[in-house]
Amino acid sequence: AVHLHGLVFAESIKHMKLHEKFSATVPAEGDPLRGLVLDGQTSRTGSGWPVFEGPSHYDAAMDKVKLHHSKEDKRLGVRGYSPEILDVLKCHQDAQIERGTGLMLKYAATYLPKFSDGPGKELMDDSSSGYGAARRALFTFHPGEPEMWMLLANQSFPMFLMGGTMQPIIAPHPGMEQPPAYVALYEQATWRGEMTLLEYLRRVNNKGNILEHIRKAHKKDTRGLSLESFAIRYETFGEKVIAAEMVSMLNDKYYGQWMALNVPFETLSGLLVQDVVNKVPDHVKFLACALHWAPHVWRNEQAIREHMALRAHKESLVNTVVQMIKTQEFFIQLHLNGHLERETRVRPAARVMPSYFEDAESGLRLTPEQKRVADNIDQRVDQALAIRDAADEQEMERLLGLAEEHGSMVAVSGQPGTGKTAVVDLCVKRAQRLQARILLAMPTGVQRSRMKQRHPEVDLDTCHGAFLFHKPLVEAMGIMMCYDLIVVD
């Protein structure tokens, strides 16, 4: 089947007459393209176009192309298409038109990582097992299909290149119990002036020393500046990338993390403005402080949309976050003006039980609930390993019976930040030490890449690639049998 991607960049769309070249509606009865659109242009994940009952046209006031897209088109999920291309190639299309860089970023962030590069690396790695390579080649792909060759070629011609280094971090936030070491280095660095934590991390190493490439550039500089003054003025250009992992923008903690990275501070806790925090409820305190420190961003709808477009968020989430911030801003202002009082809740007495359990290997402190989850997962891994190492068939049958009776799946749910991933990481590392065969499955290729940094030696894939959703169940079940622990995060 034809698979074509075309990205067109234009300084102006005014004279291109795109509303005459593209459509986002089902053709009328009797049109030869009607069957092709109904068969190949509808999508279960939505159309990507807003409902517009009027005729297609170019809106000069908004500098935007509007395509006729009825409620029925929206219900069917009719994607945008070029009738001329559809008539010739008879292939599915997804035409999207947008101003700015948001659309390109969405494409790069969501489509390029769609096919995990894990299988390709496994096929190219001489040290991988023959079983693993055969599994990928025969079950995940039909040999000879374009995707297989694309994955192999991707090892020599990757879609994304980064010439510098990357430092992955979990973004800190004010009030956290134990800030990372780099926060203390930032607080102690008197030379940094009004530099933000994000800019500071781009200019220093893990010990807080100015990076070597900046030192070399300073030696060539003729202005007579000190190294520190030069480093402040130095314009970074991707030599060191900070990959900051943050919670959802629907979570108030996000705005605490954003402040920590983007607002200069003397102490991290100083970002919490006490006059504000004492008046507003806890569940909006970070946003309230972000509104105080950066009103040019969080009180400005256009700035919020640009901020989210740069991070390749979908339009639906952008609209949700914008409306949420407007509502919360009004709610916060009522508290700050004294029209509402901060609610004081009386918490019920806690159960008497040990507050923490120390994990000897990692040094992590687990709550009783986290410890119970970890014990449940570890118990099932031990069962699987015992079955694998059974001395004879009779012993294996006995252990299989026990596992079937007491080895149900473990489902872990909870609010963001409650330690779900931390507990799973702990169990995966323990299973690795016991030589268990482990598979981690993530919803997207982006999440898979992030998890690969934590567990480079474990089999990782997208859920679609790991569980062969496009194959009969019996084939997927046969592949799953080789693993002792399977994690879906």
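Among the residues of the range 249-287, those identified as buried (at least 22 other Cβ atoms within 10 Å of the Cβ) and of a type in the set (Phe, Trp, Tyr) are TYR255, TRP258, PHE286. Counting only residues that are in contact (Cβ under 8 Å) with a residue 40 or more places away in the chain and of a type outside the set (Ser, Thr, Tyr), the range 29-72 holds 15 of them.
Residue check: GLU457 meets all listed conditions (1) within 23 Å of the chain's Cα centre (by Cα); (2) surrounded by fewer than 19 Cβ atoms within 10 Å (Cβ to Cβ); (3) not in a loop (DSSP other than H, G, I, E, B) but one, namely (3).
Can you say whether VAL241 is at pLDDT below 95, more than 24 Å from MET195 (Cβ to Cβ) and in contact with a Lys or Arg (Cβ under 9 Å, 6 or more places away or on another chain), as far as the supplied structure shows? So VAL241 fails the test. Kindly indicate whether ILE242 is farther than 25 Å from HIS307 by Cα, open to solvent by less than 60 Å² (accessible area, probe 1.4 Å) and not charged (D, E, K, R). So ILE242 does not fit the description; no.
Residue-level analysis places LEU439 among those that are among the hydrophobic types (A, V, I, L, M, F, W, C) and open to solvent by less than 50 Å² (accessible area, probe 1.4 Å). Every condition in (1) surrounded by 13 or more Cβ atoms within 10 Å (Cβ to Cβ); (2) out of contact with any strand residue (DSSP E or B) (no Cβ under 6 Å at 6 or more places or on another chain); (3) more than 25 Å from HIS15 (Cα to Cα) holds for GLN41 except the one numbered (2). Looking only at residues in the range 408-447 that are assigned to a loop (DSSP other than H, G, I, E, B), among the small types (Gly, Ala, Ser) and in contact (Cβ under 8 Å) with a residue 12 or more places away in the chain, which one is nearest to ARG388 (Cα to Cα)? Here the answer is ALA436. Residues that are surrounded by 13 or more Cβ atoms within 10 Å (Cβ to Cβ) and either modelled with pLDDT under 90 or under 30 Å from the mean Cα position of the chain (by Cα) (or both) within the range 74-85 comprise LYS74, LEU76, GLY77, VAL78, ARG79, GLY80, TYR81, listed in sequence order. Here the condition is being surrounded by 12 or more Cβ atoms within 10 Å (Cβ to Cβ), at pLDDT below 90 and over 18 Å from GLU315 (Cα atoms); of LEU89, LEU7, it holds for LEU89 alone.
The values are calculated or read from the model by the stated rules, or taken from the named source; none is laboratory data. In this text, all values refer to a predicted model and were calculated from it rather than measured experimentally. In this analysis, Cβ positions are derived from the backbone assuming ideal geometry, glycine residues included, and neighbour counts consider all displayed protein chains. Ligands, DNA and RNA are stripped out before the accessible areas are found, and what is left, the full protein with its side chains, is counted by its heavy atoms. Shrake-Rupley method; radii C 1.70, N 1.55, O 1.52, S 1.80 Å.
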